[in-house]
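The values are calculated or read from the model by the stated rules, or taken from the named source; none is laboratory data. In this text, all values refer to a predicted model and were calculated from it rather than measured experimentally. All Cβ positions, even for glycine, are placed from backbone atoms using ideal geometry, and neighbour counts span all protein chains on display.
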Amino acid sequence: MAKAKTIILDPLSDDNPITYQVLGVCSALAVTVQVQTAFVMCIALTLVLAGSNLVISLMRNMIPSRIRMIVELSVIATLVILVDQVLKATAYDVSKQLSVFVGLIITNCIVMGRAEAFAMQNNARDSILDAVGNGGGYSIILILVATLREIIGSGTWYGFRVLPASYPGNGLMVLAPSAFLIIGLMIWAQRTWMTKKFEED
């Protein structure tokens, strides 16, 4: 039970895939203008991560080491295509807003990294827990960044107005550099707060 708790909780803060491992930053820059698109991206990535970790963990003893990366990439690509098609069928407008970024989950370092570093060495249960933890850690950062950008940039949150209609909006916050700045500040804050851990690593 302690191991399961560690697998899930570590990526939420101490070992966060974005602020600690600095992975998956590209999508965090691109899809965080609105909370709605960030939320859908979080769900998509977590589903692909959980599915790929499960399949690769179940297949790990049958995959020849020389072609393991090709197999991992094939599994991830198949799941991404399925998620993308379901998204187009059920939420076409959001799918259009996300543009190519759902497809680019195939190249997301978090998904490939967890398949290679965790699912290939662990059982299916732990691999799913690892996916939930890392998907959750990724999601927390994306939602925080999107919340700041949407409120300050547009005066809305998830499409609902939270600041007065007279609020002019901040054009800088709807541009990708603002996400880069916010994530940079989050990374700095975590490294300041966890100085000892970073020195040990």
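Odds and ends about this structure:
- Positions within region 75-108 being of a type in the set (D, E, K, R) and within 21 Å of GLY159 (Cα to Cα), in sequence order: LYS88, ASP93, LYS96
- Residues satisfying the stated conditions in region 150-189, i.e. assigned to a helix (DSSP H, G or I) and among the polar types (S, T, N, Q): SER154, SER178
- Test for ARG125: is it assigned to a helix (DSSP H, G or I) and under 14 Å from GLY51 (Cα atoms): yes
- If you check ASP10, ASP93, ASP14 for being part of a loop (DSSP other than H, G, I, E, B), of a type in the set (Asp, Glu) and either in contact with a Lys or Arg (Cβ under 9 Å, 6 or more places away or on another chain) or surrounded by fewer than 19 Cβ atoms within 10 Å (Cβ to Cβ) (or both), only one passes: ASP14.
- Condition check for ASP93: acidic (Asp, Glu) and either in contact with a helix residue (DSSP H, G or I) (Cβ under 6 Å, 6 or more places away or on another chain) or in contact (Cβ under 8 Å) with a residue 40 or more places away in the chain (or both): no
- Per this entry, ARG66 is not counted among residues that are closer than 25 Å to ILE8 by Cα, at pLDDT below 95 and of a type in the set (Lys, Arg).
- Pairs are defined by a Cβ separation below 8 Å, a sequence spacing of at least 6 or placement on different chains, a first member in region 6-25 that is under 21 Å from LEU104 (Cβ atoms) and among the β-branched types (Val, Ile, Thr), and a second member that is in a loop (DSSP other than H, G, I, E, B) and at pLDDT below 85; the pairs so defined are ILE18/GLY24.
- If the condition is being assigned to a loop (DSSP other than H, G, I, E, B) and in contact with a Gly (Cβ under 8 Å, 6 or more places away or on another chain), then region 17-52 contributes PRO17, ILE18, GLN21, LEU23, VAL33, GLN34.
- Within region 1-51, the set of residues being closer than 21 Å to TYR158 by Cα, among the small types (Gly, Ala, Ser) and in contact with a Leu (Cβ under 6 Å, 6 or more places away or on another chain) comprises ALA28, ALA38.
- The single condition among (1) touching a Gly at 6+ places or on another chain (Cβ under 9 Å); (2) within 16 Å of LEU45 (Cβ to Cβ); (3) of a type in the set (Gly, Ala, Ser) that ALA165 does not satisfy is (2).
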